[in-house]
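Visitor: Sharing a structure below in structure tokens format, with a few things to ask.
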Amino acid sequence: MKVLHATDLHFNKNACEWLTVNQACADVVCLTGDFLDTRIDAAEPPELQVLFFLKWFQSFSRPLLVCSGNHDVSYREGSWLNNEGVKDVYGDGAKVRLNGITFGCVPYVGNLDVYRECDVLLHHEPPARSKTAVQDGIDYGCTSLSYALTHKTLLAKYVLCGHVHRPSKSAVRKGNCIVINAGGTHSQTQASHALIEVDEK
């Protein structure tokens, strides 16, 4: 299965358009949070950004999986990214099996335990003590995710993440898991992204 992963869109419509056009290169699209631009001088207020994204999500012809990031929970505590049961759109809290692979969409404030058996985990923050979490020498990673992967309370083969826009490395192995941070530095012509081949168990 081919997975197209992007993250930290921050209401970048050019990046969104690129993902819409290029979704056909993958079987599944995974977006790992920070959809909203929460700066004071943002182009649109949060409620209009949310309307844009909810409409955009439904325009995908491929299954779409999303999880919330820290900027997303600033508006209605991220409830707008809950799994509402829209066909082929899976949000916060969703666990879904597609082509023999189980995906889990972890809310920004979520309990990792319920995702133990997932093959592919969407989590906004990368695990701490990983180069996918480090930018300019500072570690912005999640300690609880790092602990769960190290102690194998999570069995994920892949963790897709973001949060750190220019990570020291975009992909690392942590235990038996490959961690991929697609980065959030999008150009005018394309989204920063990763295209990943995921095998069935």
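Visitor: Which residue is surrounded by the most Cβ atoms within 10 Å (Cβ to Cβ), if the candidates are limited to the range 94-109 and must be in a loop (DSSP other than H, G, I, E, B) and free of Cβ contacts under 8 Å to residues at least 40 places away in the same chain?
Guide: The qualifying residue surrounded by the most Cβ atoms within 10 Å (Cβ to Cβ) is VAL106.
Visitor: Condition first: surrounded by fewer than 22 Cβ atoms within 10 Å (Cβ to Cβ), within 19 Å of ALA6 (Cβ to Cβ) and touching a helix residue (DSSP H, G or I) at 6+ places or on another chain (Cβ under 7 Å). Now tell me which residues in the range 55-79 satisfy that.
Guide: Result: TRP56, SER59, PHE60, SER61, ARG62.
Visitor: Being hydrophobic (A, V, I, L, M, F, W, C), in a helix (DSSP H, G or I) and farther than 27 Å from PRO126 by Cα is the filter; apply it to the range 39-77 and report the residue that is farthest from the chain's Cα centre (by Cα).
Guide: Result: LEU48.
Visitor: Turning to a different aspect of this structure: Taking the options LEU4, LEU19, LEU9, name whichever one is part of a loop (DSSP other than H, G, I, E, B) and crowded, with 18+ Cβ neighbours inside 10 Å.
Guide: LEU9
Visitor: Another question, then. Quick check on the range 111-124: of everything there that is in contact with a Gly (Cβ under 8 Å, 6 or more places away or on another chain) and in contact (Cβ under 8 Å) with a residue 40 or more places away in the chain, which residue is farthest from VAL3 (Cα to Cα)?
Guide: Restricting to residues being in contact with a Gly (Cβ under 8 Å, 6 or more places away or on another chain) and in contact (Cβ under 8 Å) with a residue 40 or more places away in the chain, the top hit is TYR115.
Visitor: Tell me, which strands (runs of 3 or more DSSP E) lie completely within the range 152-201 with 1 or more residues that are at negative phi, charged (D, E, K, R) and in contact (Cβ under 8 Å) with a residue 40 or more places away in the chain?
Guide: Qualifying strands (runs of 3 or more DSSP E): 171-174, 194-197.
Visitor: Also: Suppose we filter the range 1-41 for residues that are within 16 Å of ARG76 (Cα to Cα) and of a type in the set (D, E, K, R); how many remain?
Guide: Residues flagged as within 16 Å of ARG76 (Cα to Cα) and of a type in the set (D, E, K, R) within the range 1-41 amount to 2.
Visitor: Here's another thing I want to ask about it. Is there any pair with a first residue in the range 42-56 that is within 15 Å of ARG76 (Cβ to Cβ) and a second that is modelled with pLDDT under 95 and not in a helix (DSSP H, G or I) whose Cβ atoms are under 6 Å apart and which are 6 or more apart or on different chains, and what are they?
Guide: Final answer for the pair search is PRO46/TYR75.
The values are calculated or read from the model by the stated rules, or taken from the named source; none is laboratory data. Predicted, not measured: the structure shown is a model, and the values here were computed from it. All Cβ positions, glycine included, derive from the backbone under ideal geometry; neighbour counts span all protein chains shown.
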